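Reading through the structure tokens given below for one structure.
The values are calculated or read from the model by the stated rules, or taken from the named source; none is laboratory data. Predicted model only: the values in this text are computed from it and were never measured. Here the Cβ is made from the backbone with ideal geometry for all residues, glycine too, and neighbour counts use every protein chain on show. Heads up: the accessible areas ignore ligands, DNA and RNA and are worked out on the full protein's heavy atoms, side chains in. Shrake-Rupley method; radii C 1.70, N 1.55, O 1.52, S 1.80 Å.
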Amino acid sequence: MRDLLGNVATRAARYLEDLDERSVTPAAEAIAGLAALGGPMPAGPTGPAEVLALLDRFGSPATVATAGRRYFGFVVGGSLPAALAANWLAGAWDQLAGFVVSSPVAAAVEEISLRWLLDVLALPADSGGAFVTGGTMANFSALAAARHAVLQQVGWDVESDGLIGAPPVTVVVGQEAHPSLFKALGLLGLGRRRVLTVPVDGQGRLRVDALPALCGPTIVCVQAGNVNTGAFDPIEEVCQVARQAGAWVHVDGAFGLWAAVSPQLAHLTTGVGKADSWATDAHKWLNVPYDSGLAFVRQPEHLRAAMSTAAAYLPQGAQREPAQYTPELSRRARGIEVWAALRSLGRSGLADLIERNCLYARLFAEGLHESGYEILNDVALNQVLVAFGDEQVTRRVIAAVQADGTCWAGVTVWQGRPAMRISVSSWATTENDICRSLAAIRRVAAEQGAKP
Ligand SMILES: Cc1ncc(COP(=O)(O)O)c(C=O)c1O
């Protein structure tokens, strides 16, 4: 075991060191080489060192360099050194994180992290929380608590009796809500299509003046950080309207919620603490390994009511049992990496990470604007949308930037216009990486005939 773990450490360190010089996208030959990992099911055993060597030889070259410094796709943050190291140690521990009795360390570290998270995110200190796989499941879990609470108010026990025959629940969302929110609503039986959709402004912010009249069991979903523009819904105003109607407010803050830690950016999150539930991702802006999402609920009993499982062999103690708050019963101890990231960064380190990323997004926008390309959003956070001309030219430039391999940014369509979507989300990115990436984008755009 010792030799094997030493071996993997050497290989992983070499992989990370090489990232800076290799193309962000893997070569076609590397992808074709993955066939070497297949073939028929092995008839007998293979030594672990050989298994590892195979994976490194054929797997490592076929990775996308999302752990590197110039990956600006989706909202990918890479892994902080302490979070990656903690992930390895937690892998060695192989804890069943659902119960205090099966993992005192996982349960304790979740509670500590939960307290720290509520503090840095400026959420009510006695909220409950769940450590789940990502933003989609965080939305799902928080909305399950919302569904429980709004139906309990009208005397309906949704966990026992389901939704068939239940009083109708009105769900209100902004037109630019993230698609995963609709998926979560669908999974909960609240329907992807039966929601009331509120028109938005040019940045994708829900318009409070266009909210429908709210009455009866109602859940209003707002967004902290639009995945394209980074814009925040007017959360404070929505909370005021919803509060008067007795509606539940849920905030999807998959990455935007982290702005609360920065004195420069916290104003964007004004009113967030007045909501009833929140979803965010640790694998986005806290830069821990996938898969790590966080759901928070102001009144923990609603989350517990939605998620708890009763069985004679399962602990139901007075202390916080992690599995009583999550969809999963058995799961890995993903709170360990969250703790390691928070412990290593501290409040100032986390604020610095968020602020640097936002500064680099502004540098991207300024550089591309100066080169004559059109920035489609107000760059208030870490997202930049840029068009290089008409639809065809823009799509051609994005494909060519991806093929060039200096950096990677994705394509989106923003309010009818195709655009390159740049998301700066990694602790490792430096100003030099922005300069290198800008130079590559300008060169490629010129080669593709984009006219400044
Ligand atoms: C606003 C928002 N909500 C939800 C999600 C879904 O998160 P995940 O991919 O972790 O499930 C994302 C992902 O980018 C997002 O930006």
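The table below gives the values:
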{"read-out": "Amide hydrogen neighbours beyond the local backbone of Val172, cut-off 5 Å, H modeled", "value": "Leu196, Ile219, Val220, Cys221"}
{"read-out": "Loop GluC sites (Glu not before Pro), the range 159-261, which have at most 11 other Cβ atoms in a 10 Å radius of their Cβ (DSSP)", "value": "none"}
{"read-out": "Apportionment of accessible area to carbon and sulfur, the range 126-193, percent (1.4 Å)", "value": "52 percent"}
{"read-out": "Of all accessible heavy-atom area on the range 1-76, the percent that carbon and sulfur account for (1.4 Å)", "value": "65 percent"}
{"read-out": "Extension gain, Arg343 back to Glu17 (0.36 nm per residue minus Cα-Cα distance, nm)", "value": "114.9 nm"}
{"read-out": "FRET efficiency, 1/(1 + (r/R0)^6) with R0 56 Å, evaluated for Ala210 and Ala92 via beta carbons", "value": "0.60"}
{"read-out": "Ordering of 229-235, 34-40, 394-400 by burial proxy (mean other Cβ atoms within 10 Å per residue, highest first)", "value": "229-235, 394-400, 34-40"}
{"read-out": "Accessible solvent surface per residue of the chain, calculated while the other protein chains remain in place, 1.4 angstrom probe, Å²", "value": "43 Å²"}
{"read-out": "Calculated FRET value between Cys435 and Val154, using beta carbons and R₀ = 45 Å, to 0.05", "value": "0.20"}
{"read-out": "GluC sites (Glu not before Pro) restricted to the range 9-42 and DSSP loop, no more than 10 other C-beta within 10 Å", "value": "Glu21"}
{"read-out": "Distance histogram for the range 152-250 (every C-alpha pair counted, 5 angstrom bins, percent rounded to whole numbers)", "value": "3, 13, 24, 23, 20, 10, 5, 2, 0"}
{"read-out": "The range 227-383 - percent of accessible surface contributed by carbon and sulfur, probe 1.4 Å", "value": "52 percent"}
